[in-house]
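The structure appears right after this line, and notes come after that.
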Amino acid sequence: MELHQARYFLAVCNDLNFTRAAKKCNVSQPSLTRAIQLLEKEFGGYLFDRKRSSIELTDFGKLVRPYLEDFWRTASAAKQIAKEYSAKVPKELNLAIMCTIAPKQLLQMLSRFRTNHPEVRMQLTDGEPQLLAIWPGNNTSSGLSVNLAR
């Protein structure tokens, strides 16, 4: 079972309509139907009673619905926790530069970067070419070391 199958199942449960559920899930109706059919095959029974003019949950569908709701809630909570954790991971940009190289343009660029990325801690080091070559973390000749941990 895949997470999107649970999401599609719950959308159909709420709307009792495959077309509306597909629109809410931003997928084509055939894709949603196929995912539900694969879920039914994996579970070994029909989840919906498909009639010409309506759709109803089968007894089997009613039985598994609370478990899939829990599964969806748990997965959503895990995703949110991961996102919050990722946002808290410190991001750092260390630049070693020579102050003689376009200082006005560099300051403008760094100011825009700081405005657009306030979560990134920036450290500037003024250096001479000889020092830049041996600067810690320098794996290129530019003197640029970027660590944006995620």
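Considering each residue of segment 68-86, count those that are of a type in the set (A, V, I, L, M, F, W, C) and within 12 Å of the chain's Cα centre (by Cα), and give that number. The number of residues fulfilling the criteria is 3. What do you reckon, is Ala87 within 30 Å of Arg114 (Cβ to Cβ) and part of a helix (DSSP H, G or I)? The answer is yes for Ala87.
Every condition in (1) assigned to a helix (DSSP H, G or I); (2) in the same structural domain as Phe18 (by TED's automatic domain parsing) holds for Leu106 except the one numbered (2).
To keep it simple, each residue is scored yes or no on (1) charged (D, E, K, R); (2) exposed (fewer than 13 other Cβ atoms within 10 Å of the Cβ).
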| position | (1), (2) |
| --- | --- |
| Ser76 | no, yes |
| Ala82 | no, yes |
| Asn94 | no, no |
| Lys104 | yes, yes |
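Figure legend. Inter-residue proximity from segment 95-116: first residues among the β-branched types (Val, Ile, Thr), second residues part of a loop (DSSP other than H, G, I, E, B), beta-carbon distance below 8 Å, spacing 6+ or different chains. Indicated pairs: Ile97/Gly127; Ile97/Gly143. May I ask you to list the residues in segment 7-42 that are under 21 Å from Ala75 (Cβ atoms) and touching a residue at least 40 places away in the same chain (Cβ under 8 Å)? Listed by number, the residues that qualify are Arg7, Phe9, Leu10, Val12, Cys13, Glu42.
Within segment 45-77, the residues that satisfy the criterion of being hydroxyl-bearing (Ser, Thr, Tyr) and assigned to a loop (DSSP other than H, G, I, E, B) are Tyr46, Ser53, Ser54, Thr58.
The values are calculated or read from the model by the stated rules, or taken from the named source; none is laboratory data. Just so it is clear, the model here is predicted, and its values are computed rather than measured. Counting neighbours? That spans all protein chains shown, and the Cβs are built from the backbone with ideal geometry, glycine included.
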